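The values are calculated or read from the model by the stated rules, or taken from the named source; none is laboratory data. From a predicted model like this one, the values you see are computed outputs, not experimental measurements. Cβ atoms come from the backbone with ideal geometry, glycine included; neighbour counts cover every protein chain shown. To get the accessible areas, we keep the full protein, side chains included, count just its heavy atoms, and leave off ligands, DNA and RNA. Shrake-Rupley method; radii C 1.70, N 1.55, O 1.52, S 1.80 Å.
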Amino acid sequence: MPRCNVCYRHCEIREGETGFCGVRGVKNAGNGDPHNSSVCRDELTVYPINYGKITSIALDPIEKKPLSRFMPGSRILSVGSYGCNLRCPFCQNYEISWSDEAYEYGRESRYLSPEDLAELALEYKREGNVGVAFTYNEPLIGYEYVRDTAKLVHENGMVNVLVSNGMASQEVLQELIPYIDAMNIDLKGFTDNYYRDILGGDRQMVMEFIAEAVKHCHIELTTLIIPGENDSAEEIKELSHWISELTDAAGNGIGQDVPLHISRFFPRFHMTDRDATDVDLVYELADVARKNLNYVYTGNC
Ligand code: SF4
């Protein structure tokens, strides 16, 4: 049975089904027709069934990604599809990220080919657009669309931004690195338990993704502070210390200059059993992080 190697789950996927994320299915590698009955199973290959299916599109200020130190003051055409390989119970975009088909939560998708999207980005240039941001749902589970589109966006002299949970393999990262100019990656907490038990993720894979990505393009990180889960000063101290030790491709220390966004949680979706994060606590934790990092921002306060 074909196995997906995009993330740590390594889902085995049957014909007509998808992996955990609801996005990666299988098709025949030869002719692309998953219904071809003459095809033997060995020829099946894993692909993203959400390729080009856009559920959300908006021309956003780049600070909203959030990116505070990459082309400040500009706007970026932001697009999302559906599906995610995490299951954060407080997800703001659950209508699309927890859906295995875009319409499940009442959102319909429209198809935009890589050529269509690159062209649209160019059209919006006169309104201050600088490129395309792949965001809203998890773009890495459909990385082929990101890669194919980002290549064309670069050819048009525009930039590409990835907003991601960073939970993907090094192979996926290497496919995208030539075309991505900036990323905001979630580093959602700094314990394995939190990633595994609350989010359904793998902290180690995210850390390896960040450590490699920072060697190749502009990186900013985001930590959402959830009361009772990842809100201790000790955890933010460890998290910010780890960031501060990141290096560039030549081994030079650049971690202290990696921006960190510390954000306030609001109860929503499946996590309504607690109050919003205390604003003072967000400021206190930002101060803790500032002992290790030069650029710490607070969000949603
Ligand atoms: S990307 Fe999706 S299908 Fe692939 S291993 Fe991860 S959850 Fe499974």
Wholly inside region 36-153, strands (runs of 3 or more DSSP E) that include 1 or more residues that are modelled with pLDDT under 95 and either of a type outside the set (S, T, N, Q) or not assigned by TED's automatic domain parsing to the domain that holds residue 266 (or both) are 44-48
Going through region 188-202 in order, the residues found to be within 17 Å of residue 140 (Cα to Cα) and either crowded, with 21+ Cβ neighbours inside 10 Å or small (Gly, Ala, Ser) (or both) are 188, 199, 200, 201
Residue count, region 154-182, condition among the β-branched types (Val, Ile, Thr) and either without any contact (Cβ under 8 Å) to a residue 12 or more places away in the chain or not in a helix (DSSP H, G or I) (or both), comes to 4
Any hit, region 158-165, residues being surrounded by fewer than 21 Cβ atoms within 10 Å (Cβ to Cβ) and more than 23 Å from residue 229 (Cα to Cα) = no
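So that you can scan it fast, the table gives a plain yes or no per residue for (1) among the small types (Gly, Ala, Ser); (2) more than 19 Å from residue 63 (Cα to Cα); (3) more than 16 Å from the ligand (Cβ to nearest atom):
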| site | (1), (2), (3) |
| --- | --- |
| 140 | no, yes, no |
| 148 | no, yes, yes |
| 151 | no, yes, yes |
| 154 | no, yes, yes |
| 181 | no, no, yes |
Given the conditions (1) out of contact with any His (no Cβ under 9 Å at 6 or more places or on another chain); (2) at pLDDT 95 or above; (3) open to solvent by 70 Å² or more (accessible area, probe 1.4 Å), every one holds for residue 249 apart from (1)
Contact list, first residue from region 210-235 and more than 17 Å from residue 65 (Cα to Cα), second anywhere and of a type in the set (D, E, K, R) and open to solvent by less than 20 Å² (accessible area, probe 1.4 Å), beta-carbon distance below 9 Å, six or more apart or interchain, is none
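Evaluate the following for residue 170: is it surrounded by fewer than 20 Cβ atoms within 10 Å (Cβ to Cβ) and either at pLDDT below 95 or over 30 Å from residue 123 (Cα atoms) (or both)?
Considered against the rule, which asks whether it is surrounded by fewer than 20 Cβ atoms within 10 Å (Cβ to Cβ) and either at pLDDT below 95 or over 30 Å from residue 123 (Cα atoms) (or both), residue 170 comes out as yes.
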Over region 173-186, the set of residues more than 23 Å from residue 119 (Cβ to Cβ) and open to solvent by less than 10 Å² (accessible area, probe 1.4 Å) is 173, 183, 184, 185
Looking across region 3-21 at residues that are more than 6 Å from the ligand (Cβ to nearest atom) and either touching a Phe, Trp or Tyr at 6+ places or on another chain (Cβ under 7 Å) or not in a loop (DSSP other than H, G, I, E, B) (or both), the single one that is farthest from residue 140 (Cα to Cα) is 12
Of 284, 238, 212, 234, the only residue that is part of a helix (DSSP H, G or I), open to solvent by 10 Å² or more (accessible area, probe 1.4 Å), within 22 Å of residue 180 (Cβ to Cβ) and charged (D, E, K, R) is 212
For region 22-29, state whether one or more residues are at pLDDT 95 or above and more than 16 Å from the ligand (Cβ to nearest atom).
no
Cβ pairs under 6 Å, 6+ apart or interchain, first in region 287-301 and of a type in the set (Ser, Thr, Tyr), second surrounded by 15 or more Cβ atoms within 10 Å (Cβ to Cβ), ordered by first then second residue, are 295/259; 297/68; 297/261; 298/262; 298/282; 298/286
Sole miss for residue 151 among (1) over 25 Å from residue 6 (Cβ atoms); (2) open to solvent by 60 Å² or more (accessible area, probe 1.4 Å) is condition (1)
